[in-house]
1. Pick from K80, K52: which is free of Cβ contacts under 8 Å to residues at least 12 places away in the same chain, at negative phi and out of contact with any Asp or Glu (no Cβ under 7 Å at 6 or more places or on another chain)?
2. List the number of the failed condition for K232; all other conditions in (1) part of a loop (DSSP other than H, G, I, E, B); (2) modelled with pLDDT of 95 or more hold.
3. How many residues does the range 182-226 contain that are out of contact with any strand residue (DSSP E or B) (no Cβ under 6 Å at 6 or more places or on another chain), under 28 Å from R24 (Cβ atoms) and among the hydrophobic types (A, V, I, L, M, F, W, C)?
4. Name the residue that is farthest from the ligand (Cβ to nearest atom), counting only residues in the range 172-210 that are among the hydrophobic types (A, V, I, L, M, F, W, C) and farther than 17 Å from E222 by Cβ.
5. Evaluate the following for S152: is it of a type in the set (S, T, N, Q) and in contact (Cβ under 8 Å) with a residue 60 or more places away in the chain?
6. S135: within 15 Å of the chain's Cα centre (by Cα) and small (G, A, S), yes or no?
7. Consider E48 against the criteria (1) closer than 17 Å to K80 by Cβ; (2) of a type in the set (D, E); (3) more than 10 Å from the ligand (Cβ to nearest atom): it satisfies all of them except one. Which criterion is unmet?
Amino acid sequence: MENKNIPVHVSIIMDGNGRWAKARGKDRVYGHFEGVESVRACTEAAVEDGVKYLSLYAFSEENWNRPADEVATLMKLMMKSIRDEVSTLMDNGVRFVVLGNRERLGEELCKAIDELMEMTAHNSRMTLIVFLSYSGKWDIMQAMKKAAAELSPEEFQAMKAEDFDRYLVTAGIPDPDLLIRTSGEERISNYLLWQSAYTEFVFSDVLWPDFRKPQFREALAEYARRDRRYGKVK
Ligand code: FPP
């Protein structure tokens, strides 16, 4: 692919696993299993094309309200994927980061996440961020509380929008340039609310388990055609 206008940070709301499985007369979790293959394919394409940050909305705070067996399967799948991918991430120089509300994640999963984050901490080709038990409103709330606890009332009052960034869980990570949502849904669903202020959105009708390298590259091509003005006149 032509190496022009590659977004630094690509984020994906992976949607449509359940519908993909249902269309095949299978259980919803089958769609999640196949979705892991799409995670692998898009990660590979992102590394190959020179994207520096790829972030994935894997599990929202709202997803805890799904049937208990689906939540349990998703968590197990997350755990297995983490274990299985260690060597691939190391071989490809990928740093792995998980962001979200850790309070609701099991101890075993947190331990596996921490181990993989530590192991890959010095990899610098690309950063793969998995948002797990995350929501945009939760992030803004926790940032506000952190800032209020850390700053004097005067400092808090004087805080500017750019000063607030460092209290969000995404501190140090550039805001997404491109946000892709699959499966034909066209909404933000409490994802990176603060961070997506100037993000370009690309919506694809393709269900996540079918979203592979060609579809990822098509979204990158669509981004390359966009004219970003950040509210200014060019
Ligand atoms: C959305 O489809 C998908 C999810 C909520 C889970 C995404 C998780 C994975 C692809 C697996 C593991 C991820 C990693 C990072 C290893 P949906 O169930 O909402 O589909 P529907 O809208 O058709 O019901």
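1. On inspection, the qualifying residue turns out to be K80.
2. (2)
3. 5
4. A197
5. No.
6. Here the answer is yes, as S135 does meet what is asked.
7. Of (1) closer than 17 Å to K80 by Cβ; (2) of a type in the set (D, E); (3) more than 10 Å from the ligand (Cβ to nearest atom), only one is false for E48: (1).
The values are calculated or read from the model by the stated rules, or taken from the named source; none is laboratory data. What you see is a predicted model, and the numbers here were worked out from it, not measured in a lab. Glycine also receives a Cβ, built like all others from the backbone with ideal geometry; neighbour counts cover every protein chain displayed.
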